[in-house]
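**Q** Handing you a structure now.
The numbers here are math on the coordinates, done by the rules we state, and not lab data. Here the structure is a predicted model, which is why all the values come from computation and not from measurement. Don't worry about glycine lacking a Cβ; one is built from the backbone with ideal geometry, like all the others, and counts go over all protein chains shown.
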């Protein structure tokens, strides 16, 4: 009697287990006819991305007979998923990566190297925009990926507010920006919006300012050099928009979900430093003629060694996992995605810039915003340090600036000494 | 036994305050779900100035909410049922038997609950991939893998809580059943389980909710076909903006089946249901 | 406690939860059979990966080595030395994070338990609307964790949030809107969110526990003239002890290891004042790709939790036998 009950219990458990075992699980193709592709979220939503990409993938299938299964992976999960794939040797064939991750991912050795021969298979090194290709891996090594979407920072300003404040042209130096910001700041309106609690955004600005002050976050050998006077000055200059110039709403210190863009779109702030904000602004109902786009300002008096850099090279790269069983197909797909036609089509849709030269000349990118972005990218953008510890830089330094904004917002003074101590502390944690 | 006037008032005041504490965020959700995005981004207002149900329409196309919901319900309920079934067997052994290794088992199982997820996330992922490669199972990025993971998350405490509930059931009942000639399994099914229903229900809810809300493992161990609501909701926070109104609407809608389930389970918590069994 | 009403109500003594039960082992194999499924699963999903995790903590496991762990240099205690050295910058940060977590956990668990008991006791007796209230109280628990936290992120915004709207504009309690998601208040914010999410669980378990309290005990207590507090102290709480013993431990461990709440509430980068250890370790291992040191931190954390739990169980066990 009791045995029967036990048997029943076990049977119930087994039945429930087997119920769930059917009909799922990932499969990757090894027959040369399928590829798995993890795309990054570029459009207004994951589903929108799928809708945008699917017709292109169908086109690729028509041309080559290779079926591409796409999964759009949210940014919040992408790096962890890549890491798990790199560790286990199981995952997609082709992936999108944030270009700032290139050197870190390159260090894993899990990705195909784009040496000259491999680059030749996807159209050759010379096709790519040099700045974009420079952000695809450590210097002196074959790139670990190729760029597909390129972006740069620009200064977005509200035309109506500028006219009301009697400002004729957008600021070209930080002093002018602070000046203009003070004129634009009044009840319920602020000069500039910043994303104070977003470590990545903060770190990107810290990089640009540091370049202008002639500093660097890593030396040639890849060692962290966080607490140099130039870097202290760079961090201070950025935080000072809130702490000293008072042209940033203290509330921005807690922004981490692109509220800065919303504030700009909703007329709560007159200026915004952002990468290719156009499509986001459109999604938030700000018409394109309501704002102007100008290059990010420079220092009024560049110190010795100061570089003419006003943006990081931002963008998305495409990489191929070493463990792919369909390397040929994967490279064909990379070639397809970096072809002139696809580059025009996709970058136009996403509001980004093509990463290959012939497509960049397409009239689709002649709108004022794209012209500014392209000019910055081609002349005055520099890649973030292409070192394996880049993510530590973003986390640590971006986090410090977040703390400093929090201090500034509550009225605490921001001293060089305090910044230097924090940066030294962070530097010791970098390995 | 009667309630004094003081107690009655204390009860009313306390329960009202608690209800407010629970309700205010829920209300904020409802009212934000009924606003257009621009209003949600603006200064908070209690009453929507431009009420709209658009968020409830749009949320289905921003992320594949339906699929995520089905995955979550499936994974959570199967994990809960298996976990509780296994826990009942183990708890019965621990509560009603003295055997060598009893303490060791309890302590080991309990200690697994302390393992920080971050520590074994990557090893577990590797284990699944290796099992798939050698045994041909499909654990990687599948619902099966997720179910197995989640059911072990809730297992330790399910066992412990059930031991607690089983311990509080008088052993006279077992003895009476034994006198009637019932074997141990019959005692478990006929005597202990019916008496322990509220406890079992609580543990099932616990096991279900453990799986329902888990984010860290789901963000690495699922793909778009097996993704659960817990991580899927992050899809409303995109590259360009956060669809606050749609997150709120989606959160409300996905919670409806669970709250309905809670309501249905209410009757197991009615006081006195088990009183007869105890006497 | 020994003079409690429970003691005096004849015939009820043995319904109290006792120590290990008296049943003799007639079939010594049966208990082991019953444990097999649980053992196999725990072994596979927790213990084996855990041992791998401990091994990881002895390696220099950075992005250079994760693809092939056999290339990772074995560094022995080096990771522990680096992370636990309280004189180093990393060690100081970890220690700080650890204290923050202890404060956060103790306060959150205490509040959740007190609210849970209160609600369970007050809804024990039937009244109109009780079923509705019970379902309402469980709703925060039914929301997916992400949803429950994101709504609070939304409400805690400084300029547009509900909390400041009420505090500043409606109640005029403060003039300048405070920050909740950054700065010193952030620890308050994360505790509030945790309690909101957690207390329904305490409520659920204690409500189930109360079902096993025989009404006769209350009747006997009432005859003895015991008031509300005395009944609570002498009947309700002693009868809930076996459930409490587990529930408090669950709440403690859960809260201590909780990752979702701080991660979602602060958008991935917690302010220093609320730098909870789970997010701290996540940042150290996943974001910066240093799994060796990250694992060492986790193992240290685990050791701490094991000690706390062992002490807790010893104390509560002794009390159990004393009762």
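**Q** Kindly state, to the nearest 0.05, the FRET efficiency for residue C:311 paired with residue A:176, given R0 = 60 Å and r defined as their beta-carbon distance.
**A** Numbers: r = 64 Å, r/R0 = 1.06.
Efficiency for this residue pair is about 0.40.
**Q** Which value does Rg/Rh take for segment A:170-293 over its C-alpha atoms, Rh per Kirkwood?
**A** Expressed as Rg/Rh, it is 1.00.
**Q** Which of rounded, prolate or oblate describes segment A:284-377 when judged by the alpha-carbon gyration tensor and an a/c cut-off of 1.5?
**A** oblate
**Q** Could you quote the convex hull projected area for segment A:255-304, Cα atoms only and averaged over all directions, in nm²?
**A** 4.7 nm²
**Q** Sticking with this structure for a sec: Suppose each label sits 7 Å from its Cα in the direction of the beta carbon; what would the residue A:225-residue A:183 distance come out to in nanometres?
**A** Output for this residue pair reads 3.9 nm.
**Q** Enter the mean number of other protein chain beta carbons within 10 Å of the beta carbon of each residue in A:87-97, as an integer.
**A** Mean partner shielding for this stretch: 4.
**Q** Dividing the Cα convex hull volume of the protein assembly as shown by residue count, how many Å³ per residue is that?
**A** In the protein assembly as shown, the Cα hull volume divided by residue count equals 167 Å³.
**Q** Which order do peptides C:211-218, C:239-246 fall in by mean Cβ count within 10 Å, highest first?
**A** Highest mean packing first, the order is C:239-246, C:211-218.
**Q** Answer rounded, prolate or oblate for segment B:64-236, using the Cα gyration tensor with square roots of eigenvalues a ≥ b ≥ c: rounded when a/c is under 1.5, else prolate when a/b is larger than b/c, else oblate.
**A** prolate
**Q** Moving on. For residue C:92 and residue A:322, what is the calculated FRET efficiency with R₀ set at 45 Å and r taken between the beta-carbons, to the nearest 0.05?
**A** Numbers: r = 39 Å, r/R0 = 0.88.
The formula returns an efficiency of 0.70 here.
**Q** Moving to a separate point now. Considering chain A, what Rg and Dmax in Å follow from its alpha-carbon atoms?
**A** When restricted to Cα atoms, chain A yields Rg and Dmax of 24.0, 93 Å.
**Q** Of all alpha-carbon pairs in segment A:273-431, indicate the percentage at a distance above 26 angstrom.
**A** When all Cα pairs of segment A:273-431 are counted, 50 percent exceed 26 Å.
**Q** Rounded to the nearest 500, what is the 222 nm mean residue ellipticity of chain B from helices alone, with -39500 (n - 2.57) per DSSP H run of 4+ residues and division by all residues?
**A** Taken over chain B, the calculation gives -22500 deg cm²/dmol.
**Q** For A:183, A:33, what ranking results if the residue with the fewest other Cβ atoms within 10 Å of its Cβ goes first?
**A** A:33, A:183
**Q** Another question, if that's okay. Name all residues of segment A:276-290 having a backbone nitrogen under 11 Å from the label point set 7 Å from the Cα of residue B:50 along its Cα→Cβ direction, giving them as ranges.
**A** Residues A:285 fall inside that zone.
**Q** Which value in nm describes the separation of the simple spin-label points at residue C:99 and residue B:108, placed 7 Å from the Cα toward the beta carbon?
**A** Here the modelled spin labels are 3.9 nm apart.
**Q** Summing -39500 (n - 2.57) over the DSSP H runs of n ≥ 4 in chain A and dividing by its residue number, what mean residue ellipticity at 222 nm do you reach, to the nearest 500 deg cm²/dmol?
**A** The helix contribution divided over chain A gives -14500 deg cm²/dmol.
**Q** Would you mind ranking A:81, C:81 so that the residue whose beta carbon has the fewest other beta carbons within 10 Å leads the list?
**A** C:81, A:81
**Q** To the nearest Å, what is the center-to-center distance of segment A:56-87 and segment B:29-52, using C-alpha atoms only?
**A** 36 Å
**Q** Taking the Cα centroid of segment B:145-223 and of segment A:309-360, what is the distance between the two, rounded to the nearest whole Å?
**A** Measuring centre to centre over Cα atoms gives 53 Å.
**Q** Write down Rg/Rh for segment A:135-179, rounded to two decimals, with Rg from the C-alpha atoms and Rh from the Kirkwood relation over Cα pairs.
**A** Using only Cα positions, Rg/Rh for segment A:135-179 is 1.31.
**Q** Separate question: Counting partner chain Cβ atoms within 10 Å of every residue's Cβ in B:175-187, what's the average?
**A** Counting Cβ atoms of other protein chains within 10 Å of each residue's Cβ and averaging gives 3.
**Q** Just to be sure I understand: if I project the alpha-carbon convex hull of segment C:100-293 onto a plane and average over all orientations, what area do I get in nm²?
**A** 13.9 nm²
**Q** Here's a follow-up. Take peptides A:271-277, B:181-187 and line them up by average Cβ neighbours within 10 Å, highest first, as a rough protection proxy. Spell out each step's value before the answer.
**A** Values: A:271-277: 24.4, B:181-187: 18.4.
The densest-packed peptide leads the list: A:271-277, B:181-187.
**Q** Now for a different question. Segment B:67-164: Rg/Rh from Cα coordinates, Kirkwood Rh?
**A** 1.03
**Q** Round to a whole angstrom and tell me the spacing of the C-alpha centers of segment A:381-431 and segment A:114-129.
**A** 36 Å
**Q** Among B:92, B:56, which comes first, then next, by fewest other beta-carbon atoms within 10 Å?
**A** B:56, B:92
**Q** Follow-up. Averaged over B:201-211, how many beta carbons belonging to a partner chain fall within 10 Å of each residue's beta carbon?
**A** For peptide B:201-211, the averaged partner shielding equals 4.
**Q** At 7 Å along Cα-to-Cβ for each site, give me the label-to-label distance between residue A:412 and residue C:229 in nm.
**A** The modelled label-to-label distance comes out at 4.3 nm.
**Q** Taking the Cα atoms of segment C:33-127 alone, what are Rg (to one decimal) and Dmax (as a whole number) in Å?
**A** For segment C:33-127, the Cα radius of gyration and maximum Cα-Cα distance read 21.7, 67 Å.
**Q** Now for a separate question. State whether segment B:1-159 is rounded, prolate or oblate according to the following rule on the C-alpha gyration tensor (a ≥ b ≥ c being the square roots of its eigenvalues): a/c under 1.5 gives rounded; otherwise a/b larger than b/c gives prolate, and the remaining case gives oblate.
**A** On the way: a/c = 3.04, a/b = 1.30, b/c = 2.33.
Oblate, because a/c is 1.5 or more while a/b does not exceed b/c.
**Q** Just B:245, B:130, B:71 to compare: in a GNM of chain B, with alpha carbon springs under 10 Å, which one fluctuates most?
**A** Maximum among the listed residues: B:130.
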